[in-house]
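In what follows, a structure is listed as structure tokens, so that the remarks can point back to it.
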Amino acid sequence: MTDAVTEPARPLAGVRIVEISSFVAVPLAGMTLAQLGAEVVRVDPIGGAADYRRWPLTESGESIYWAGLNKGKRSLAVDMRSEEGQQLICRLIADSGVFITNVAGRQWHSYDALSALRPDVIHVEVSGRADGGTGVDYTVNAAIGFPLVTGPAGLAAPVNHVLPAWDVTCGIYTALSVVTALRHRDATGHGQRISIPLENVALATAGNLSLLTEAMVNGTSRQRIGNAVYGTYGQNFTSSDGVAFMVVALTGRHFRDLTSLTGTAEAVAALAESLGADFSDEGERYRHRDALSGLFAEWFGAHTGAEVSASLARTSVLWERYQSFGETAVDPRVTANPLFTELDQPRIGRHLAAGLPVAIDGEYPAAVPAPALGDDTAAVLGEWLSMSPAQIDALLTSGTVS
């Protein structure tokens, strides 16, 4: 812990964290903690970890991906295979008192090894599977059930999600674990050993959202329903000029506004009578969603996308137009959003970059450029370990750091 003064938008100012990681979960956790004010040093092997050149790349071959998940950190490049390099990293962790990693199973940076150097160390390790096996987001996802309920109704093949949902969720759990462990250490003087299997994050989410409980209690397994929303009314529609919309009616008011907008109130009432259904019940709206969607689709198909947008905007109905990442990037929700600030990212270029998506006292902590591999090696060794320029030069000459 340094003596930095904590600002409202930097509640973790003064906290130092060492990160050894790759890909999404732990890099996201480290970046989130940095955005909250912590000084996060990512330590990579010389030449970079497995994600240093990950797509997408710029035309010159720089990883846009790596820069995106390492904003605001400092970077050290160390020969992790050498004993001298390992000892150096352990000294940095002991100085900081907080270590996060998804490189599991390395005895030299295990909790036991590090707690021998600093008894109150906070050690957070993300692994693939709860049994100690390896796994990544997409393999974990395959074993949980989500790919078999994703996609159009009636499709037989599994459909993986594009969003690495478990990595992202795991990253936030990791950041939360560090914050709570810091609170615990402040209160008791003790560190903590925390393990987070990616598989358990996915399993817990499936359970919390009732997908596993439904199978346990009712003996049923969720089926594919396409773009409908389970248990309530929601469906996608297409305008006369081919613009796609997602429309959701969660409440009775939403549903009444939707029937009024589409001029189907009488037809919906007749449908309810013929089916013996009560459409004030969202479960009934879900059960008869196909019949209802058939009534609503005619109105959407008779109006342009602009007309649909203008009409929906005057109602309480929940809706949005489908658009690409390219369209979103130039949308006012990005260009006029204080979450995004212009960032001149070395090697990547100028762009609007998201900071922390949480406003603290009305302020969004802004994005800070990501370092290049090893940018901060000499500075951190000098600041954290009080090494002299001669000592640092010796490490550089020997190839222990880069």
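Highest-first packing order for the peptide set 149-158, 30-39 is 30-39, 149-158, based on the mean count of other beta carbon atoms within 10 Å. Per residue, the chain exposes 49 Å² of solvent-accessible protein surface, assessed with a 1.4 angstrom probe and all protein chains in place. Two numbers describe the Cα atoms of region 111-200: Rg and Dmax, which are 17.4, 58 Å. Considering every alpha-carbon pair of region 301-402, the percent of pairs per 10 Å bin, from zero through the bin containing the longest distance, is 12, 23, 22, 19, 12, 6, 6, 1. Taking all protein chains as shown and a probe of 1.4 angstrom, Asp112 keeps an accessible surface of around 100 Å². In loop segments of region 269-301 as defined by DSSP, there are no GluC sites (Glu not before Pro) with at most 10 further C-beta atoms inside 10 Å of their C-beta. Close amide H pairs (under 5 Å, H built 1.01 Å from N) link Gln192 with Ile122, His123, residues at least 5 positions away or on another chain. Between region 203-222 and region 172-199, how many Å separate their Cα centres? With region 203-222 and region 172-199 each reduced to a Cα centre, they are spaced 28 Å. Rounded to the nearest whole Hz, the Karplus-based 3J(HN,Hα) values (6.51 cos²θ - 1.76 cosθ + 1.60, θ = phi - 60°) of region 250-258 follow the sequence 7, 10, x, 5, 4, 5, 4, 5, 5, with x at glycine and proline.
Residues whose amide H lies under 5 Å from that of Leu36, counting only those 5 or more places away or on a different chain, are absent; hydrogens are built 1.01 Å from N in the peptide plane.
With a 1.4 Å probe rolled over the protein heavy atoms of all chains, the accessible area of Val308, Val368 falls in the order Val368, Val308, largest first. The fraction of Cα-Cα pairs per 20 angstrom bin, counted from 0 for the chain, comes to 22, 47, 25, 6, 0 percent, rounded to whole percents. Could you tell me which of rounded, prolate or oblate describes region 342-402, using a ≥ b ≥ c as the square roots of the eigenvalues of the alpha-carbon gyration tensor, with rounded for a/c under 1.5 and, failing that, prolate when a/b is larger than b/c and oblate otherwise? Oblate, because a/c is 1.5 or more while a/b does not exceed b/c.
Once you sort the root eigenvalues of the Cα gyration tensor of region 169-272 as a ≥ b ≥ c, which label holds: rounded (a/c under 1.5), prolate (a/b larger than b/c) or oblate (the other case)? Taking the square roots of the gyration eigenvalues as a ≥ b ≥ c, region 169-272 is prolate. Remark on Gly135: its backbone amide H falls under 5 Å from those of Gly128, Arg129, a criterion applied only to residues 5 or more positions apart or on other chains, H modelled at 1.01 Å from N.
Sites count as exposed loop sites when they are chymotrypsin sites (Phe, Trp or Tyr not before Pro), lie in a DSSP loop, and have at most 15 other Cβ atoms within 10 angstrom; the longest stretch of the chain without one is 1-229. Working note: Karplus 6.51/-1.76/1.60 with θ = phi - 60° gives region 36-41 the couplings 8, x, 6, 8, 10, 10 Hz, where Gly and Pro are set to x. Among the trypsin sites (Lys or Arg not before Pro) within region 188-226, not one is in coil by DSSP while having at most 10 neighbouring Cβ atoms inside 10 Å.
Element breakdown for region 180-223 at a 1.4 angstrom probe: carbon and sulfur atoms account for 52% of the accessible area.
The values are calculated or read from the model by the stated rules, or taken from the named source; none is laboratory data. Not measured: the values here are computed from a predicted model. FYI the Cβ positions are ideal-geometry reconstructions off the backbone, even for glycines, and counts take in every protein chain you see. When the accessible area is computed, the model is the full protein with side chains, heavy atoms only, and any ligands, DNA or RNA have been set aside. Shrake-Rupley method; radii C 1.70, N 1.55, O 1.52, S 1.80 Å.
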